[in-house]
1. Tell me the strands (runs of 3 or more DSSP E) entirely within the range 1-47 that contain at least 2 residues that are free of Cβ contacts under 8 Å to residues at least 40 places away in the same chain.
2. Given the structure, is LEU33 open to solvent by 30 Å² or more (accessible area, probe 1.4 Å) and away from ligand 1 (no atom under 16 Å from the Cβ)?
3. Can you tell me which residue in the range 96-133 is surrounded by the most Cβ atoms within 10 Å (Cβ to Cβ), limited to those that are in contact with a Phe, Trp or Tyr (Cβ under 6 Å, 6 or more places away or on another chain) and of a type outside the set (A, V, I, L, M, F, W, C)?
4. Take the residues of the range 184-227 that are touching a residue at least 40 places away in the same chain (Cβ under 8 Å) and aliphatic (A, V, I, L, M): which is farthest from LYS154 (Cα to Cα)?
5. Is it the case, given these coordinates, that ILE136 is under 18 Å from ASN119 (Cα atoms), within 16 Å of ligand 2 (Cβ to nearest atom) and open to solvent by 30 Å² or more (accessible area, probe 1.4 Å)?
6. Residues GLY91, GLY83: which one is open to solvent by less than 10 Å² (accessible area, probe 1.4 Å), within 16 Å of ligand 2 (Cβ to nearest atom) and either more than 16 Å from HIS318 (Cβ to Cβ) or without any contact (Cβ under 8 Å) to a residue 12 or more places away in the chain (or both)?
7. Which ones in the range 178-191 are assigned to a loop (DSSP other than H, G, I, E, B) and within 14 Å of ligand 1 (Cβ to nearest atom)?
8. Confirm whether GLU323 is open to solvent by 30 Å² or more (accessible area, probe 1.4 Å), within 16 Å of ligand 2 (Cβ to nearest atom) and either of a type in the set (Lys, Arg) or not assigned by TED's automatic domain parsing to the domain that holds CYS10 (or both).
Amino acid sequence: MYVLGIETSCDETAASIVKDGARILSNEVSSSLSFHKKYGGVVPEIASRRQLETITGVLECAINKTRVKLSDIDLVSVTNGPGLLGSLLVGISFAKSLSLGLGIPLLGVNHLYSHIYANFLNAADAVPCLPFVALIISGGHTSLFFVEGFDKIKILGSTQDDACGEAFDKVAKILGLGYPGGPLIERLSRKGNPRKIRFGCSNTKEPLDFSFSGIKTAVLYAVSGKGLSLNEKRDIAASFQEAVISALIKKSLLACRAKGIKILVVGGGVAANNRLRERFYQKARDNGIRCYFPAQELCLDNAAMVAGLGYQLFKRGHRSDLELAAELN
Ligand code: KG4
Ligand code: ZN
């Protein structure tokens, strides 16, 4: 079964063709990042206008990179939330018109759940066995889930303020690095001392929730008014990154213990971070837990994960109709 995935929840315009929920035949992503850079973050109006302009071309590329023709597509699966409203509407409207024009079913899928599904794509190794605990760390969300099935996912905890990726982006801005901050903080940290400054993430009322706004403010205090050398900046970046990773590991292992689960699945843009991946693998191993990450390029927003999850849900009887609306939360 060939599924076309469409993803436009934030600044990317993405289309992908996935066979039987597992094999990626094409995975095209066009980002409007360069248009947002000078504003230090994504400007929703610019994102949705760029998506309108590029979505047809992105679909054409996704089709042309395979032997599959538009008429071979069996299902169109589209992200219908959470995300930026204007951006989501571009993808949803486009998917509806394809569904109507080609006479094929339409399915709206949740963006965060599709990040979890990235772990099931092009997997060289064995894929995670259900049930498992999933940690999604992205620019807009930080959440722990208990996954019993692709249509049976319960939230265990989430951030009470900033998302994890948002904290990386804000700290990068404080350090004068640019946007998006995650990869820049990772690069700067490589030559820094992660034990130089003792940053920590604030406690939360619920043990499986997260908080990242306090650590961002702590970095601001450590930086403001000081003319920092490159080495001092490296130490701040490395210490910040280490503290965030420690908090994510602690809560993830706590969730696994609470649910009596030995499988931990991670996804979302921040999961591309090499230091984070290394430390998760090691800590999970120390605790007898098997940890899974998607390939790095599948951590970031893409449409293959949308097509893959769509396939699984379609097989379980899920369908959308032309009333499909954007869901912001
Ligand atoms: O999942 P994603 O592509 O989009 C959302 O759904 O938000 O995640 C984007 C976020 C950004 O905040 C970006 O700074 C962060 O992921 N990110 C990273 C890395 N690569 C991307 N954070 C830390 N280290 C990285 N290597
Ligand atoms: Zn995402």
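1. Details: elements: 2-7, 12-19, 23-31.
The strands (runs of 3 or more DSSP E) meeting that bar are 23-31.
2. Details: open to solvent by 30 Å² or more (accessible area, probe 1.4 Å): yes; away from ligand 1 (no atom under 16 Å from the Cβ): no.
Answer is no for this residue.
3. ASN119
4. Applying the filter and picking the extreme gives VAL223.
5. Details: under 18 Å from ASN119 (Cα atoms): yes; within 16 Å of ligand 2 (Cβ to nearest atom): yes; open to solvent by 30 Å² or more (accessible area, probe 1.4 Å): no.
No: the conditions fail for ILE136.
6. On the way: GLY83 fails: open to solvent by less than 10 Å² (accessible area, probe 1.4 Å).
Going through GLY91, GLY83 in turn, the sole match is GLY91.
7. Restricting attention to the range 178-191, the residues satisfying the condition of being assigned to a loop (DSSP other than H, G, I, E, B) are 178-180, 190-191.
If the condition is that a residue be assigned to a loop (DSSP other than H, G, I, E, B) and within 14 Å of ligand 1 (Cβ to nearest atom), then GLY178, TYR179, PRO180, ARG190 are the ones that fit.
8. Numbers: open to solvent by 30 Å² or more (accessible area, probe 1.4 Å): yes; within 16 Å of ligand 2 (Cβ to nearest atom): no; either of a type in the set (Lys, Arg) or not assigned by TED's automatic domain parsing to the domain that holds CYS10 (or both): yes.
No.
The values are calculated or read from the model by the stated rules, or taken from the named source; none is laboratory data. As the structure is a prediction and not an experimental result, all values here were calculated from the model. Quick reminder, even Gly has a Cβ in these numbers, built from the backbone with ideal geometry, and neighbours come from all protein chains shown. We work out accessible area using only protein heavy atoms, side chains counted, and drop any ligands, DNA or RNA first. Shrake-Rupley method; radii C 1.70, N 1.55, O 1.52, S 1.80 Å.
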